[in-house]
There are 2 protein chains.
Amino acid sequence: MADLTLTTFDWVPPPPRGFVRDLRVRWALEEAALPYRVASAPFSDRGPAHLAHQPFGQVPWLTDGDLSIFESGAILLHLGGLSAKLMPPDPRGRNEATEWLFAALNSVEMASLPWTMSKFMGHPTDTAAWKFVDDFLKLRLKHMEPVLAGREWLAGSFSVADILMSDVLRIVDQFDGLGDSPACRAYVARATGRPAFAKAHADQMAHFAAADAAR
Amino acid sequence: MADLTLTTFDWVPPPPRGFVRDLRVRWALEEAALPYRVASAPFSDRGPAHLAHQPFGQVPWLTDGDLSIFESGAILLHLGGLSAKLMPPDPRGRNEATEWLFAALNSVEMASLPWTMSKFMGHPTDTAAWKFVDDFLKLRLKHMEPVLAGREWLAGSFSVADILMSDVLRIVDQFDGLGDSPACRAYVARATGRPAFAKAHADQMAHFAAADAAR
């Protein structure tokens, strides 16, 4: 029986709220209806106790009994092993969900994070560096578009791969980066329209709002 | 019994040779002494047959019987399940190797790829965009340094996590990015000093050299 505690920050400034990566884990837990607790680590003091669980001083981490897991990809893979609602149990379906889970992180987010960070920070767009970043993302979207035009979910049924891929594309969409990718955009709407996403998002926002109230 | 075929490009231009990601898979296969064949996909024509195996038009992919797997991370995770030389078989060791495998791709390579690509392309370094890229990598290296100063391998014994992490850091080292990270640098030397890396690297170089000769 899983004994799950998700740790996120006790507080973050408003801009990243709704985007902190504990959202991915909350979403998965809600999809699978797995019971879990939420714990907090101090945002302003990321000392040895924090680094012992998350060596980059980030969140989230998940404990399952005496197992402590960092990296949202690793956590979602672990949760996929706990529920067929998160990962097909047959070898072929499991393989498909796993390769797309990696694709979300290492092929698409690899291109989208520099793009969204540049947008967020307002870097100039008349540079060779920006053109490289923008072209890299467009290339990935060009390949994702026919994939998502041809299927509802990446691995046959909804899985952790969709949680990661839609969460990655959602941030691109926030900066109007999916205008030429209607299938990607529809996929983001389809995924984030699920009740489990709404619950996870509302819970994260409430967690940080409660921290404001306590300050 | 695994029936493994690794597909890479039939040819690539000289600069990326020794860095194409089939190297990661070759290295793992050599470490585990798993028998495998190497197949080629046309570099200059990435049509539907290619995209059916690798939807971004890249390499590598691995077939194991009738299972076809893309994403180097997913492939290495699959191989980790085939050999204790690639992943500790106990749950705690397996978890440690898995989280560090994701960390290599989604925390470290996420920061190192924009950095190495900027170096490779000679983007100017007096910009806000470069400062962001450089600071991002330095932050990750700052966190990796004490980890690698305190252990020989990431997950107790050598594992697929070390193949990915050292391959990622190796490219940073090629651009002299590990000068302030002696433990990271020593780790790269330790990992790439293994006979299986030398064999995998030589085999990749020979594969592309043979393609030159046939052109």
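The values are calculated or read from the model by the stated rules, or taken from the named source; none is laboratory data. Keep in mind that what you see is a predicted model, and the values were worked out from it rather than measured. Quick reminder, even Gly has a Cβ in these numbers, built from the backbone with ideal geometry, and neighbours come from all protein chains shown. Keep in mind that these areas ignore ligands, DNA and RNA; they rest on the heavy atoms of the full protein, side chains included. Shrake-Rupley method; radii C 1.70, N 1.55, O 1.52, S 1.80 Å.
The table below lists the values:
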read-out	value
Shortest-first nm distances, A:Arg37 label point to equivalent points in other copies (7 Å, Cα→Cβ)	5.5
Segment B:52-129 shape via C-alpha gyration tensor axes, a/c threshold 1.5	oblate
Distance from segment B:7-34 to segment B:94-123 (C-alpha centre basis), Å	18 Å
Of the DSSP H helices in chain B, those whose Cα atoms cover at least 18 Å axially and whose Kyte score averages -0.5 or more	B:128-149, B:160-174, B:195-214
DSSP beta bridge pairing in the protein assembly as shown, given as percent antiparallel to the nearest 5	60 percent
Average other protein chain Cβ within 10 Å of Cβ, residues A:45-58	2
For B:Leu67, inter-copy label distances in nm, listed shortest first [label point 7 Å out on the Cα-Cβ vector]	1.8
Among the listed pairs B:Lys131/B:Lys199; B:Lys85/B:Lys138; A:Lys119/B:Lys119; A:Lys142/B:Lys119, those beyond 29 Å (Cα-Cα)	B:Lys131/B:Lys199; B:Lys85/B:Lys138
Rounded to the nearest 20 debye, dipole of chain A from Cβ charges on Lys, Arg, Asp, Glu	240 debye
Two-site label geometry, B:Arg92 and B:Lys142: point separation in nm, points 7 Å out along Cα→Cβ	3.2 nm
Distance between modelled label sites at B:Leu51 and A:Ala49, nm, 7 Å Cα→Cβ extension	5.2 nm
Using a Förster distance of 35 Å, the FRET efficiency for A:Leu34-B:Ala84 (Cβ separation, nearest 0.05)	0.75
Radius of gyration and maximum dimension Dmax of segment A:127-215, Cα, Å	15.8, 49
Gain on full stretching of the segment that runs from B:Phe175 to B:Ala210 - 0.36 nm per residue minus C-alpha separation	9.9 nm
Charge dipole magnitude, Cβ of K and R +1, D and E -1 - segment A:100-149, Cα centre, debye nearest 20	40 debye
Per residue Cα convex hull volume in Å³ - calculated over segment A:1-81	88 Å³
With all protein chains modelled, accessible area of A:Trp115 [1.4 Å, Å²]	10 Å²
Other copies of B:Lys138: label-to-label distances in nm, shortest first, labels 7 Å along the beta-carbon direction	3.2
Two-site label geometry, A:Ala202 and A:Met121: point separation in nm, points 7 Å out along Cα→Cβ	3.6 nm
Dmax and Rg, reported as Rg then Dmax, of the protein assembly as shown (C-alpha, Å)	20.8, 71
A:Phe132, B:Phe56, reordered so the largest accessible area comes first (probe 1.4 Å)	A:Phe132, B:Phe56
Accessible area buried at the B-A interface, both sides summed, 1.4 Å probe (Å², nearest 100)	3700 Å²
At least 30 Å² of accessible area lost relative to the chain alone, listed for segment B:122-137 with a 1.4 Å probe	B:His123, B:Ala129, B:Phe132
Histogram of C-alpha separations across segment B:88-166, 5 Å bin width, %	3, 15, 22, 21, 14, 11, 8, 4, 2, 1
Charge context of B:Ser107, other residues only, Cβ under 13 angstrom, K/R +1, D/E -1	-1
Cα Rg, Dmax (largest Cα-Cα span) when computed across segment B:48-94, Å	12.8, 41
Share, in percent, of DSSP beta bridges within chain A that are antiparallel, nearest 5	60 percent
If the convex hull is drawn through the Cα atoms of chain A, its volume per residue in Å³	129 Å³
Rounded to the nearest 10 Å², the accessible area of B:Lys199 at probe 1.4 Å	90 Å²
